Amino acid sequence: MLRTGTSLQSFFLLAIFLTGWLPSSAQLKEGNRDSLRQLLANTTDARERLAPLGELAWSYLFSEEAFPYLHELDSLTRVLQIDPDLAVRTSVLSTRSRMFHQRGYQAKFRRRIAMAQQDFREAMRYADLAKDTLALANAMNAMGVSYAALRMPSQALYWYEKELELVLSTAEKPAMYTTHIRQHMADALMQLGRFQFAEAALAACDTMEACRHALTLMGRGQLAAYRGDTADALALMSRAEQVVERSPESWNSITVWEPYARFLLQAGAAEQALHTANKAIDLADRIGDHAAKAGCLVIAGQAEMQIRDLRSAERMFKEALTIANVHGYIGLSRETGDDGSMVRAAELLRNLYKAQGRTQDALAITDLWVAWKDTLHSIEGREELLRFDLEQAALTDSILDAQRLDDATAPLRTQVAEERQRRQRILIWGGVIIASTLFLLVFFMGRRKREKLVLEHTLQRSKDEHLIHGLKMRERMSEDLHEELGAGLSALKLWTEMDLAEESDPRKKKLLQDRAALADELVASLRQIIWAMNSPASSLKNLVDYLNDTAHLFCAQHGIRLHVEVDGQWPPTILSADQRRDPYLLLKEALTNVVKHSGANSVELRLQWRNGLYVELHDNGKGVQGDLESLPGNGLRTMQRRITALGGRVDLDGSQGMLITVFIPLQGTS
């Protein structure tokens, strides 16, 4: 299986960012830069200078040449923040948000992640003050990318999901925005090993625009590489190369050519890799993208070494190192990882000199390589400490959230206890009144009637005591489950996450991740059992609402489309614990089978009242031949026995997907 490497992942992220939110029309075009400089030369008005300064800084995103423009933006916006015109102040807030966004990326490209995240948070703060949704989404996306650079895909995915939620909440949701976010989400999901969800995210991307289509194809190629299908990965990337050539902006081609060239090199196609890298080098040279040129020169040099043209390889490595020295790209080239970094280029040049017997040249470049490598190790150590601090902060926040939740629910628990005592007093006084009434009736209606009424009274008291005993038993059981098992499972999850933070072995980390997920599932199941035992919401309508909510949550967690039809009117029937629990367990088991066995991506759920509860669940999966007894596992068969015990029935039709129909003649009390 071909090794994917961090280089393809990182460049895929960067390619998405560069063709994403900010305007790329002026990006890295020398002619545009000249016209922007001319605008600056012709005006001294602070407000008129903001836009060209911002675009010039953006056009030098990979270079220190952006710093003077960012510094002037900072100075001008500080002054304009107190302008008497409200519109000017609001515009300045948006400008400062974008300035911090660009400044954060400058820090991130040089692997100063802590500084970058500080700038991104400032960008979010100013965007929020300006009510600038687009700028806020930009900053959220940048936070996600910074976590991805720290190899923390779960946290990166959190920010991408927040960004998508923000964009979908706006009145206008251009497809290019949601596509950009979903491509980022797919990359994080791939790093987490959640390939099915990554594939779904890429499938949801809009591909009407050439560059977006090309990047989606690159993402699918990366997914194929993760799965070990090198041939499919190369075919998809080749299609991406053809598609991106239709983009009106020639700059977009670099976002495909560079990672494609690197992947070709890893696959052993040196000549094709060299051809693709040279195309990217020529384009980067024309548009002034020094970082991309340096990275592609390293790829081309490695391809020349495989072809055995050592003189050309030496020339390309030297040129890449010269660019790195001039523009400050030591340690990395445009986030492409060690395979494209200048440290790697120095090492390859040293090996080339050694292979040729050029000892003096090898010694000279070795000193440079060692110094740069020490710098890179220092950066990696700093990032490791930052990653640890961020994980500890997230754990602390989780503990504080749990404490806040406990504090917030304390008044509710007190209210429930008081209500329970009030009901008990009512029952006691009601019993006293009933007993007194019965006594008077018995006294005035004679011995026979008295004996009959005494017997009825005794039976009634027995029923009341049995009911009270059952209620108390269920309350004690639910409290014991919550206090003992709930606390134990929460502690198990916490210990597992702490072990996970300290574990470096990938296999053990996977086991710990599975253990933490299992603890989450057990806690959820525990809550559902407590609901079935002790929920005050015991009417038929409450059960239907709970089934509806459970289906929506389950399908959303597993990426399955859900369509629900629910009757509008339900009789005011009060259900027992079994009548609430068994339909819920059956629905959950059926949905679990859809995820595990059917291969379906869509489910229809119908909940109706037909002189009883009627439930129909139909998926578009592969179905099954035979009856209920032929299904894998015992879950549905066990549920059938439970439903039969309630007087109901379960039917199965697997000819077109899986159709499960359930009827329960609920006989509660109204």
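One residue is enough: does the stretch 300-320 have a residue meeting the conditions closer than 24 Å to R33 by Cβ and modelled with pLDDT of 85 or more? Scanning the stretch 300-320, I find at least one residue that is closer than 24 Å to R33 by Cβ and modelled with pLDDT of 85 or more, so the answer is yes. Checked against (1) in contact with a Phe, Trp or Tyr (Cβ under 9 Å, 6 or more places away or on another chain); (2) within 24 Å of S59 (Cβ to Cβ), R112 meets all criteria but (1).
Residue selection: P153 satisfies the criterion of being surrounded by fewer than 24 Cβ atoms within 10 Å (Cβ to Cβ) and within 25 Å of A107 (Cβ to Cβ).
Yes/no per residue for (1) of a type outside the set (A, V, I, L, M, F, W, C); (2) modelled with pLDDT under 85; (3) not in a strand (DSSP E or B):
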position: A600; (1), (2), (3): no, no, yes
position: L617; (1), (2), (3): no, no, no
position: G626; (1), (2), (3): yes, yes, yes
position: R637; (1), (2), (3): yes, yes, yes
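Is it the case, given these coordinates, that E258 is within 25 Å of K293 (Cβ to Cβ) and surrounded by fewer than 21 Cβ atoms within 10 Å (Cβ to Cβ)? For E258, the condition - within 25 Å of K293 (Cβ to Cβ) and surrounded by fewer than 21 Cβ atoms within 10 Å (Cβ to Cβ) - is not met.
If you go through the stretch 639-656 and keep only what is closer than 14 Å to V615 by Cβ and in a helix (DSSP H, G or I), you end up with M639, Q640, R642, I643.
The values are calculated or read from the model by the stated rules, or taken from the named source; none is laboratory data. Since this is a predicted model, take the numbers as computed values, not measurements. Counting neighbours? That spans all protein chains shown, and the Cβs are built from the backbone with ideal geometry, glycine included.
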